[in-house]
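Q: To start, I am sharing the structure in question, which I have written as structure tokens.
We did not get these values from a lab; they are worked out from the coordinates using the rules stated. As the structure is a prediction and not an experimental result, all values here were calculated from the model. So basically every Cβ, Gly included, is an ideal-geometry build from the backbone, and we count neighbours across all protein chains shown.
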Amino acid sequence: MFYSTVLILCELVLVTSKECSNSENCAAGDNCLDIKVSNTPKEVCTKCAATHVPINGACQAKDGQSAVCTPPGVADGTCQSCKGENYLYEGGCYTACPQGAPNPETNTCDGVPAPDCNIPNCEACSEDKKTCTTCQPGHLLTPEKNACLGACPAGSYAAGQACTPCDPSCAECSGAGASRCTACPAGKMLRYADEGRPADGTCAEGCVEGPECEACGLTIGGTKYCSKCAADRWAPRNGVCADTAAARSPFCTSASGGACTQCAGGYFLQEGGCYQTTRLPGKGVCAALTGDGKCQRCANGLAAVSGTCPLCDSTCATCTEPGQPGKCSACPPGRYLDAGNACRPCTEASGSIQGVAGCVSCAPPYPPSGAVTCYVKRGDSAGGSVNRGGLSTGAIAGIAVAVVVVVGGLVGFLCWWFLCRGKA
């Protein structure tokens with residue numbers, strides 16, 4: 001082949017690794033290789049700044065190299081694979097392999113030792129080089145072992161140097177178990193374990209119209225909250241009906257017909273209810289209050305109108321326009337931002353982006369083509385689903401086997417006993 005001939009003529013020899021000095025966009029550290037091309041020394045960068053990728057040993061702006069290089073899901077200044085007549089070598093794409101022979105079927109350089117898993121901030125990789133087993137200090141390993149991040153992704157919590165999946169009932173959590181939720185899936189509301197010190201709790205059903213709540217007219221993040229209580233002197237506080245006359249917890253200074261028209265200090269008015277910025281669902285709507293019970297700065301990216309925050313579409317965490325599903329700027333847990341600025345579930349496809357079955361926490365690929373980077377899958381925790389009593393399916397199976405063995409042994413003994421005694 002032509003490229004093999006080029007390799008023989010060039011007589012490329014790998015010498016050593018060092019820090020590049022001839023490329024301002026080469027990432028700092030041990031990211032430069034010295035090679036020889038026909039006995040002429042040449043430097044090639046193996047990892048660039050996040051906005052660039054290595055092309056033929058030099059850092060090029062990644063936005064202009066989408067036809068050549070496919071970066072990993074998390075931008076780290078390298079190529080994960082190459083396209084066309086380009087071949088992957090040491091994190092970069094080359095028209096001719098610096099070492100080994102080009103393989104047009106895989107766009108890789110054959111005969112080169114398998115590189116470590118292409119995961120930024122990974123210290124040790126698995127034997128098959130596909131996942132990470134240990135992250136560098138200051139980084140945490142995701143449950144799917146495909147990323148090393150500064151903080152655990154939504155749907156998981158830190159346990160040592162790795163992230164562990166939350167209980168399936170939680171969208172976010174502070175630890176193990178259904179009582180450690182810090183955010184809930186759409187349709188569920190967070191019930192704090194200690195109402196006086198909101199930190200974590202359990203996820204319960206959202207608003208249901210009935211004897212206490214007359215209208216569930218407020219929707220935040222896909223969950224319904226009460227907007228009008230059935231009793232005149234009651235009003236929604238943090239989305240749940242409460243007595244406005246209770247002296248211990250004044251929150252509404254003016255109520256009428258089961259709704260509040262003026263909130264006390266520390267609360268803001270939203271759809272007939274008073275909400276706090278220190279707890280859900282209020283802190284997802286308003287970030288800063290005025291002194292007269294109104295919102296000064298919204299948490300969802302929109303501007304307050306007369307002290308009230310317009311609401312984003314229920315699929316968005318933040319947005320640029322209220323109520324529009326295609327105007328999201330950030331997504332809640334379990335969704336990713338697609339090319340049309342809509343937040344799609346991690347399990348669903350959008351255009352050239354593919355979803356991942358069972359995924360509950362993800363990031364979109366870059367460039368926007370291929371599968372999402374799934375950080376957490378439902379069922380990741382402890383090798384099996386958990387029943388309501390807390391036993392994993394593996395534990396239940398083990399107990400069942402033990403019971404069968406014991407019962408079988410007992411039956412055998414009884415048969416032997418009666419047969420032998422009968423003959424005697």
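Q: Could you work out how far apart the two model spin labels at A231 and E212 are, taking each label as a point 7 Å from the Cα in the direction of the beta carbon, and quote it in nm?
A: The answer from the label model is 1.1 nm.
Q: Same structure, new question: For the range 80-165, what relative contact order do you get, as a whole percent, if you take Cα pairs closer than 8 Å and at least 6 residues apart?
A: 16
Q: At R0 = 25 Å, how high is the FRET efficiency between S81 and T320 if r is their beta carbon distance? Nearest 0.05 is fine.
A: That pair, S81 with T320, gives E of 0.15.
Q: Identify the residues of the range 234-271 with backbone N under 20 Å of a label point that sits 7 angstrom from the Cα of R297 along the Cα-to-Cβ direction, or state none.
A: 265-270
Q: If a paramagnetic tag sat 7 Å from the Cα of K283 along the Cα-Cβ line, which residues of the range 166-190 would have the backbone N under 20 Å from that point?
A: What the label zone holds, given the 20 Å backbone N cut-off, is 166-167, 169-190.
Q: D63 to Q161: extension gain in nm, 0.36 nm per residue of separation minus the Cα-Cα distance? Could you put the intermediate results ahead of the total?
A: Values: separation 98, 0.36 × 98 = 35.28 nm, distance 3.36 nm.
Length gained between D63 and Q161: 31.9 nm.
Q: Give the peptides 234-245, 257-268, 344-355 in descending order of average Cβ contacts within 10 Å, highest first.
A: Details: 234-245: 21.6, 257-268: 19.8, 344-355: 17.3.
Result, highest mean first: 234-245, 257-268, 344-355.
Q: Just need the relative contact order of the range 334-380 here, percent rounded to a whole number, with Cα pairs under 8 Å and 6+ apart.
A: 32
Q: What is the distance, in nm, between label points placed 7 Å from the Cα along the Cα-to-Cβ direction at A176 and at T133?
A: Between A176 and T133, the simple spin-label model gives 2.3 nm.
Q: Then there is this: Going down the list K130/K377; K42/K83; K129/K377; K145/K327, which pairs span over 27 Å between their C-alpha atoms? Intermediate results must be reported in sequence, preceding the final value.
A: On the way: K130/K377 17 Å; K42/K83 24 Å; K129/K377 21 Å; K145/K327 32 Å.
Pairs exceeding 27 Å: K145/K327.
Q: Now for a different question. If a/c stays under 1.5 just call it rounded; otherwise compare a/b with b/c (prolate if a/b is bigger, oblate if not). Do that for the range 44-138, with a ≥ b ≥ c from the square roots of the Cα gyration tensor eigenvalues.
A: Cα axes put the range 44-138 in the oblate bin.
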